[in-house]
Amino acid sequence: MPPIIVGLIGVVALLVIIALRAPLGLALLGVGFTSLWYLHGWDTALYVASTAPVTVMSSHTLSVLPLFIFMGAISVRSGLAESLYNAAYGFVGHRRGGLAIASIAACAGFGAICGSSLATVSTMGRIAVPQMKRYGYDRKLAAGSVATGGTLGILIPPSLPMIIYAMVTETSIGKLFAAGLIPGIIATLLYIAVTAVWTYLKPDIGPAGKRLPWSERFKLLFQVWGVVGLFIVVMGGILTGIFSPTEGAAVGAMGATVLGLARFIRDRTYLERFFGAVKEAIQTSVMIFFAVIGISVFEYFLQAARVPQGVESFISSLNFGPFGVMALLLVVLILLGCFLDSIAILFIITPVIFPIVVANGFDPIWFGIIMIMVVEFGLVTPPIGMNVFLLSKLLPDTTTWEVFLGVLPYLAADFLRLAIFLAFPAIVLWLPSLLFP
């Protein structure tokens, strides 16, 4: 059997295994090792399995992951999300649809610290949705605004998918972080605009909340100075070159710990929260590191089977041109996002399509942001929609179908945003080019 056929069978088998909810790292390692054994024998497969993981795990870039994960975990447990929501509510909650707008703004702010969409949805779902229901908000608007707002967590840096993309493609983490800032702000503003238009057309679905006096608003705003300061210090230090991404992650983890301690100095459960964050960071990091080990073996198999070269030759034979190729890749990513989670897509598909992207003259940093944006669509689209199913489990009186209907208007903003960045790549690349000439 030709190697390219073995390679394609291996990729399809891996996607099926992942779709059946097998552990990502185990699936990558198992398929990669077995396929190499078939292609080149036991000795080669054993050699790759024993050396490739050591090489990839020696990368200094990997040290940034557990630190940012811990920073997000301690932020979740320190009540920072609630403070962000209260501050946003104080300024816009008295307007029509204001509580939904406050939820989106809080999701954006919390995502900038947390870096995880699922953690953002889980936290904000418990805080914001009950408030919106108390004021008579339609369940679709309440759930949809939080589910889509949660997707901002993987676009606004620091972002775990950005770090994974940078590791797989060997691109600059700092440039990716810089490239994600403006798209993240635009995404937030578009979601807010959708909410405003939706509640303007149907005022009864998002009634205004209580108007707070300015003194109370500034008091609530003062409570989030730590979050804002932490983001400015971490991202400002990385983007200006004061410290590396790894050093920035360490500063962020320490800053989040200090903020949490300051907020719960009299809370006897703080140590429990702290060690809970440590446990979560270890579990998540081990899961990702195991996936990194698996991808090191699987990527070697892809190269041995010449899968990237074969896919590139096939796409070139279609004569679609660069923009046609990009359209095809985006369609594939959107379809995969409906069935696989974002981390699986980044690990499995990036090694296959990245050479095609580079060969067609597209900027790797720009494509990284585009890919992460498209992958985030899968968090709210059927049939999987991780954010949707998580939120429906948190809200027993809200069905999965209602959450999907609530997400639908925001998908229009997503595709508009995608069209803008495809048409004007300079919007994404301006800040990286300014900070990293």
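Which of the residues that make up the stretch 301-338 are in a loop (DSSP other than H, G, I, E, B) and surrounded by fewer than 19 Cβ atoms within 10 Å (Cβ to Cβ)?
Those that are in a loop (DSSP other than H, G, I, E, B) and surrounded by fewer than 19 Cβ atoms within 10 Å (Cβ to Cβ): Arg306, Leu318, Asn319, Phe320, Cys338.
All but one of (1) outside any helix (DSSP H, G or I); (2) more than 21 Å from Gly248 (Cβ to Cβ) hold for Ser103; state the number of the condition that does not hold.
Ser103 satisfies every listed condition except (1).
Quick one: which residue in Phe362, Phe404 is closer than 30 Å to Ser316 by Cα, of a type in the set (Phe, Trp, Tyr) and not assigned by TED's automatic domain parsing to the domain that holds Pro23?
Phe362 is the lone residue from the list that is closer than 30 Å to Ser316 by Cα, of a type in the set (Phe, Trp, Tyr) and not assigned by TED's automatic domain parsing to the domain that holds Pro23.
What are the residues in the stretch 16-29 that are buried (at least 17 other Cβ atoms within 10 Å of the Cβ) and either touching a residue at least 60 places away in the same chain (Cβ under 8 Å) or under 19 Å from the mean Cα position of the chain (by Cα) (or both), if any?
Selection gives Ile18, Leu24, Gly25, Ala27, Leu28, Leu29.
Take Leu431 and tell me if it is in contact with a helix residue (DSSP H, G or I) (Cβ under 8 Å, 6 or more places away or on another chain), touching a residue at least 12 places away in the same chain (Cβ under 8 Å), among the aliphatic types (A, V, I, L, M) and closer than 23 Å to Tyr137 by Cβ.
No; evaluated as a whole, the condition is false for this residue.
Pairs needed: first member in the stretch 209-224, surrounded by fewer than 11 Cβ atoms within 10 Å (Cβ to Cβ); second member anywhere, of a type in the set (Val, Ile, Thr) and assigned to a helix (DSSP H, G or I); C-beta distance under 9 Å; at least 6 residues apart or different chains.
If the second residue must be of a type in the set (Val, Ile, Thr) and assigned to a helix (DSSP H, G or I), no pairs are left.
Within the stretch 412-424, identify whether any single residue is more than 18 Å from Ile372 (Cα to Cα) and either touching a residue at least 60 places away in the same chain (Cβ under 8 Å) or of a type outside the set (Ser, Thr, Tyr) (or both), and answer yes or no.
no
Just one of the numbered conditions (1) under 30 Å from Val292 (Cα atoms); (2) among the small types (Gly, Ala, Ser); (3) surrounded by fewer than 21 Cβ atoms within 10 Å (Cβ to Cβ) is not true of Gly368; which one?
(3) is the only condition that Gly368 fails.
Which numbered condition in (1) within 30 Å of Tyr137 (Cα to Cα); (2) touching a Gly at 6+ places or on another chain (Cβ under 8 Å) is the only one that Met71 fails?
(1)
The values are calculated or read from the model by the stated rules, or taken from the named source; none is laboratory data. Because the structure is a prediction, the values reported are computed rather than measured. Ideal geometry is used to build each Cβ from the backbone, glycine not excepted, and the neighbour counts take in all protein chains shown.
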